[in-house]
Amino acid sequence: MRSYNLIAPAKINLYLEIIGDRADGYHELAMIMQTIDLADQIYLQPLSIDTFRVHCNHPQVPTDKSNLAYRAAELMAAQFPDAFSNFGGIDITIKKHIPVAAGLAGGSTNAAAVLVGIDLMWNLGLTQSELAELAASLGSDVPFCIAGGSAIATGRGEQLSPLPNLDHLHIVLAKYRSLEVSTGWAYNTYRQQFGDTYLRDTDSLTARANAVHSGEMVKAILAKDPTAIAQKLHNDLEKVVLPTYPQVLELRELFARQPGVLGTMMSGSGPSVFAIVESPQQATIVKQQIREAIPDQDLELFITRTISHGIKIAP
Ligand code: ATP
């Protein structure tokens with residue numbers, strides 16, 4: 001069994017709408033997800049014993065069974081017991097570059113990389129839809145992370161419709177290192193505050209989720225128009241995260257005031273905030289301006305861009 005070195009990119013949400021409550025207790029969502037070139041590296045090596053081990057260079061990432069990458073490996077062992085006993089365990093080394101608990105799907109993309117990697121290591125030859133089904137059982141964002149690029153995600157976030165590649169958007173991304181937002185908290189708080197506006201019957205949920213396919217953001221993406229995309233950015237979770245975390249609100253407002261910023265938004269459940277800018281030169285200037293306004297080293301700043309792939313073998 002050979003080793004694999006995989007690239008696991010982060011995602012941002014260009015659009016996130018909470019539509020209502022599904023019969024299974026999950027939220028019905030309409031999202032537009034996009035991978036960016038900020039990525040973790042996942043190194044998978046054969047182990048001579050029948051177990052999985054996780055190593056990670058980031059102190060906030062657990063290396064026990066609660067790590068989503070570990071759970072992905074366990075799922076593969078449970079689904080393919082013959083391959084597991086034939087090939088044995090795997091050492092999983094995660095080199096973290098994606099900020100943790102940031103709304104960037106860091107854990108989900110690590111899990112997606114482990115599914116793709118084990119499929120290769122054990123010569124399983126799984127199809128994209130078989131991989132996506134396994135991924136959905138680990139978390140709503142995991143299926144998107146496999147193929148990445150640009151996609152509409154509905155249902156719990158696991159029903160995907162790919163959109164044309166959008167690999168020309170320049171992004172500045174910011175996250176306070178010490179600030180974490182729990183995704184569960186954000187959705188529960190949203191339900192408490194806005195639950196009375198929720199749709200609940202299946203037909204209305206489906207109709208509203210389908211409406212995103214012909215919505216303004218999709219039109220802007222099809223037109224590959226960065227200005228229109230930036231103007232249509234939307235995230236319902238800002239309504240609960242921004243009032244609770246004034247630092248995030250301040251960051252969002254600071255981005256919005258910078259010349260060259262076409263639009264800004266919190267990603268997922270936050271607290272990372274991103275801005276779409278006109279050019280790589282503008283990205284450098286905006287990053288400098290934010291750093292001058294907030295010299296606090298707790299604030300991490302990244303220049304990144306949208307990409308057209310998800311999990312990929314490292315060159
Ligand atoms: P999402 O956008 O999918 O909601 P997120 O980017 O907000 O995810 P993660 O970076 O996935 O959040 O981290 C959420 C929590 O999951 C962290 O507090 C961390 O302890 C735990 N975790 C488990 N496995 C991982 C992993 N492989 N990488 C990062 N965090 C992990």
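Residues in segment 112-140 that are in contact with a strand residue (DSSP E or B) (Cβ under 7 Å, 6 or more places away or on another chain) and either free of Cβ contacts under 8 Å to residues at least 12 places away in the same chain or under 20 Å from G25 (Cα atoms) (or both): none. Checking each residue in segment 143-175 for being part of a strand (DSSP E or B) and under 25 Å from L301 (Cα atoms) picks out S150, H170, I171, V172, L173, A174, K175.
Contact annotation: residue pairs with Cβ atoms under 7 Å, 6 or more positions apart or on different chains, pairing a residue in segment 32-54 that is assigned by TED's automatic domain parsing to the domain that holds D141 and assigned to a loop (DSSP other than H, G, I, E, B) with a partner that is of a type outside the set (D, E, K, R) and within 16 Å of the ligand (Cβ to nearest atom), are L47/I90.
Of all residues in segment 50-97, which are aromatic (F, W, Y) and either in contact with an Asp or Glu (Cβ under 8 Å, 6 or more places away or on another chain) or surrounded by fewer than 16 Cβ atoms within 10 Å (Cβ to Cβ) (or both)? Before the answer, list the steps.
Initially, segment 50-97 is screened for residues aromatic (F, W, Y), giving 52, 70, 80, 84, 87.
The answer is F52, Y70, F84.
Of all residues in segment 259-283, those being within 17 Å of Q34 (Cβ to Cβ) and either in a loop (DSSP other than H, G, I, E, B) or within 16 Å of the ligand (Cβ to nearest atom) (or both) number 9.
Pairs meeting the criteria (first residue in segment 58-87 and outside the structural domain of N123 (by TED's automatic domain parsing) and under 18 Å from G125 (Cβ atoms), second residue surrounded by fewer than 18 Cβ atoms within 10 Å (Cβ to Cβ) and at pLDDT 95 or above, beta carbons under 8 Å, at least 6 apart or on different chains) are lacking.
Could you list, in sequence order, the residues of segment 216-247 that are assigned to a loop (DSSP other than H, G, I, E, B) and out of contact with any strand residue (DSSP E or B) (no Cβ under 8 Å at 6 or more places or on another chain)?
Our first condition is that a residue be assigned to a loop (DSSP other than H, G, I, E, B); within segment 216-247, this holds for 223-225, 232-233, 236-237, 245.
The answer is A223, K224, D225, Y245.
Listed here are the residues, each with its yes/no results for (1) closer than 24 Å to V61 by Cβ; (2) crowded, with 17+ Cβ neighbours inside 10 Å.
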{"position": "L138", "(1), (2)": "yes, yes"}
{"position": "D141", "(1), (2)": "yes, yes"}
{"position": "C145", "(1), (2)": "yes, yes"}
{"position": "G149", "(1), (2)": "no, yes"}
{"position": "H168", "(1), (2)": "no, no"}
{"position": "Q193", "(1), (2)": "no, no"}
{"position": "D196", "(1), (2)": "no, no"}
{"position": "R208", "(1), (2)": "no, no"}
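When you look at A209, is it touching a strand residue (DSSP E or B) at 6+ places or on another chain (Cβ under 9 Å) and either outside the structural domain of R252 (by TED's automatic domain parsing) or within 16 Å of the ligand (Cβ to nearest atom) (or both), yes or no? Answer is no for this residue. Taking every residue in segment 229-244 that is closer than 16 Å to E180 by Cβ and pairing it with any residue that is among the basic types (K, R) and modelled with pLDDT of 95 or more, at least 6 positions away or on another chain, the pairs with Cβ-Cβ distances below 8 Å are L242/R252. If you filter segment 98-123 down to residues that are more than 7 Å from the ligand (Cβ to nearest atom) and either surrounded by fewer than 16 Cβ atoms within 10 Å (Cβ to Cβ) or of a type in the set (S, T, Y) (or both), you find that the one that is nearest to the chain's Cα centre (by Cα) is T109.
When segment 298-315 is examined, which residues are found to be over 18 Å from the mean Cα position of the chain (by Cα) and modelled with pLDDT of 95 or more? Across segment 298-315, the qualifying residues are D298, L299, I313, A314.
The values are calculated or read from the model by the stated rules, or taken from the named source; none is laboratory data. Because the structure is a prediction, the values reported are computed rather than measured. Please note: Cβ atoms are built from the backbone with ideal geometry, for glycine as well, and neighbour counts cover all protein chains shown.
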